[in-house]
Amino acid sequence: MTTEDRWQLPDGVEEVLPPQAACVERLRRQLLDLYRSWGYQLVIPPLIEYTESLLIGLGADIDLLTFKMTDRLSGRTLGVRADITPQVARIDAHSLAQQGVARLCYAGSVLHTSPKTPMASRSPLQIGVELYGDNSPAADVEVIRLMLETLDRAGLSELCLDLGHVGIYKAVLATAALSQEQERVVFEALQRKSVPDLRLALAGVEEQVAAMIIALVDLHGDDQVLSDARKLLHEKAPSALPAVDALEDVATIVRGLRPQLKVYFDLAELRGYHYHTGIVFAAYVPGHGQALANGGRYDGVGAVFGRTRSATGFATDLKALIAMMPVESTGPGAISVPISDDRLLQGRADELRAQGEIVINSLFGEVDPRCDRELVQEHDQWIVKSVKH
């Protein structure tokens, strides 16, 4: 390894330097305080767990994203968390095991074996909320509101809410009686919105059913999508209609609270299909192709921990949010204090620090460049004055 190689970090893994680090920490505190004001309690799950608990409940995607290693103490396989959601589900189902509704929030680093999207970090700083014990639309609306408020606190505007419901696809797919392999191929083709691949995958399926599945590709857009979905599904897949109604109900409530919000429906959006059980949602901003926050309902996830619970939640990456925010060109400034054993001076410095000021000792008489003020002695008192340049 050359000297030049020693400072390099792995692809997709980055360090956060001032002033971005200060922005990340400030936003983290603001968001955790926001969640606390809604009744969400902070939990701090461990960075590593046994894979038996870390990888269950959220599908194969998490398995592929997880770094694994052997625990030298037990010989069992450990995983570095790639998503905090299953950890919080374990805490709710097993560690807390409380009755009724539980609201939990978290913030912490996760690690991915590969980036989720081409420009994504492999070491996101994930923050989010999970609501357990309530399967009503009101719970989904609460989480969606918190997701949108999270982006508001990051200073992002012109938000667009993307809504979908995996129940629609599941009801439609049930009418086709496909094999597991056919289901996999159809699912992948639908994610790509590839009509030719869908036609190939659905060869041999009843023509009307195949046409209904293919039609999902075009069911995205404004409220007209819901009307079109009802016409499409009422005869061959009526069990999908309650999911369409649920989307309309949630959109109506959220719009009533945020009249300027853009709402986009996508009935072929299947994020987290293998573990989500109901409504799924994401938030976008203009000019950014990837969702900045997403979530959805995943009822029953606690069953793998011995306790079935209704659940809904969302998560975002603080690093991604900070990247969308303008970096502050100047900090709050600081106060320089000379090195001295004077008790009055040290008491005044401690008092200013307690008030939230940054007070920096001038070691060797060298003033830190951040200091725009200084403590000077006048008439046996130490007072703050602007630095003379």
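Quick check on segment 153-177: of everything there that is part of a helix (DSSP H, G or I) and among the small types (Gly, Ala, Ser), which residue is farthest from HIS220 (Cα to Cα)? Lay out the reasoning, then the answer.
The first filter runs over segment 153-177 and keeps only residues part of a helix (DSSP H, G or I), leaving 153, 166-174.
So of that shortlist, the ones also among the small types (Gly, Ala, Ser) come out as 167, 171, 174.
Working: GLY167: 16, ALA171: 18, ALA174: 21 Å.
In this case the residue turns out to be ALA174.
Annotation note: Cβ proximity below 9 Å between a residue of segment 330-356 that is over 19 Å from GLU378 (Cβ atoms) and a residue that is of a type in the set (Lys, Arg) and outside any loop (DSSP other than H, G, I, E, B) (sequence gap 6+ or interchain) occurs for GLY333/ARG373; ALA334/ARG373. Select from segment 236-269 the residues that are within 22 Å of the chain's Cα centre (by Cα) and under 10 Å from GLY164 (Cα atoms) and write down the one among them that is surrounded by the most Cβ atoms within 10 Å (Cβ to Cβ). Going through the qualifying residues, I end up with LEU267.
Surrounded by 14 or more Cβ atoms within 10 Å (Cβ to Cβ), at pLDDT 95 or above, closer than 21 Å to ALA315 by Cα and out of contact with any Cys (no Cβ under 7 Å at 6 or more places or on another chain), is that true of ARG81? Spelling it out, ARG81 is indeed surrounded by 14 or more Cβ atoms within 10 Å (Cβ to Cβ), at pLDDT 95 or above, closer than 21 Å to ALA315 by Cα and out of contact with any Cys (no Cβ under 7 Å at 6 or more places or on another chain).
Conditions tested, residue by residue: (1) outside any strand (DSSP E or B); (2) free of Cβ contacts under 8 Å to residues at least 40 places away in the same chain; (3) crowded, with 19+ Cβ neighbours inside 10 Å.
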residue: GLN98; (1), (2), (3): yes, yes, no
residue: THR113; (1), (2), (3): yes, no, no
residue: LEU148; (1), (2), (3): yes, no, yes
residue: LEU151; (1), (2), (3): yes, no, yes
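For (1) in the same structural domain as GLY302 (by TED's automatic domain parsing); (2) among the polar types (S, T, N, Q); (3) modelled with pLDDT under 95; (4) over 28 Å from ASP134 (Cα atoms), each residue gets a yes or a no:
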position: GLY39; (1), (2), (3), (4): yes, no, no, no
position: GLY57; (1), (2), (3), (4): yes, no, yes, no
position: LYS68; (1), (2), (3), (4): yes, no, no, yes
position: ARG90; (1), (2), (3), (4): yes, no, yes, no
position: ALA97; (1), (2), (3), (4): yes, no, yes, no
position: GLY108; (1), (2), (3), (4): yes, no, no, no
position: LEU111; (1), (2), (3), (4): yes, no, no, yes
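Among the residues of segment 227-283, those identified as hydroxyl-bearing (Ser, Thr, Tyr), out of contact with any Asp or Glu (no Cβ under 6 Å at 6 or more places or on another chain) and in contact (Cβ under 8 Å) with a residue 24 or more places away in the chain are SER239, TYR273, TYR275.
The values are calculated or read from the model by the stated rules, or taken from the named source; none is laboratory data. Owing to the predicted nature of the structure, the values given are computational and were not obtained by experimental measurement. Backbone-built Cβ (ideal geometry, glycine too); neighbour counts: all protein chains shown.
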